[in-house]
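Q: Okay, here's the structure, questions in a sec.
The values are calculated or read from the model by the stated rules, or taken from the named source; none is laboratory data. Small disclaimer: the values here were computed from a predicted structure and weren't measured. For neighbour counting, all protein chains shown are included, and Cβ atoms are generated from backbone atoms with ideal geometry for every residue, glycine included. Ligands, DNA and RNA are stripped out before the accessible areas are found, and what is left, the full protein with its side chains, is counted by its heavy atoms. Shrake-Rupley method; radii C 1.70, N 1.55, O 1.52, S 1.80 Å.
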Amino acid sequence: MSECQEFAEAALVICAASNSFWWVSPLIIALSACAAAVISITSIKSNKEIARKRATLDLIERSETTEHYQSLYKAFTDVRKDDGGFEQLKSVTNPQLLEQRRKVIAYLNHYELMAIGIRKGILDEGVYGDFMRSTVVRDWHAAAD
């Protein structure tokens, strides 16, 4: 056999072998695409969780440090500690009590905002609960009626 014939036969063997494994390249490409998709989805979920926790901490920080929130908290606490309690705010005619009622409602609306944010997945329940659970429960029981 001549060298050309040997080379041609070797080339045919290689071609035949590569044709029987034609699926390897597409499989590797598909696996690479799947791995990239998993990494992307994991990254997106992680970033979403971090953003939720950051939004929760920002809202807590803003509500704890602003004068407006402090004023609402003081009005709520004053009513909670008062002998008349929240009962005195149910039907108000006195302008001073009317303002206090408005502040108490605004304070409770803050909790409602938090609850909606948590329910909708915008805020992180664990972070908010770790920081505010006992306060929310205390205030809930005080203002339940």
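Q: Going through region 28-69 one residue at a time, which ones are open to solvent by less than 90 Å² (accessible area, probe 1.4 Å), in contact (Cβ under 8 Å) with a residue 60 or more places away in the chain and not acidic (Asp, Glu)?
A: ARG52, LYS53, ALA55, THR56, LEU59, ILE60, listed by residue number.
Q: Where residues in region 82-131 are loosely packed, with under 13 Cβ neighbours inside 10 Å and charged (D, E, K, R), which of them is farthest from ARG54 (Cα to Cα)?
A: Checked region 82-131; the qualifying residue farthest from ARG54 (Cα to Cα) is ASP83.
Q: What is the one condition in (1) open to solvent by 50 Å² or more (accessible area, probe 1.4 Å); (2) of a type in the set (Val, Ile, Thr); (3) modelled with pLDDT of 80 or more that VAL79 does not satisfy?
A: Checking VAL79 against (1) open to solvent by 50 Å² or more (accessible area, probe 1.4 Å); (2) of a type in the set (Val, Ile, Thr); (3) modelled with pLDDT of 80 or more, the one that fails is (1).
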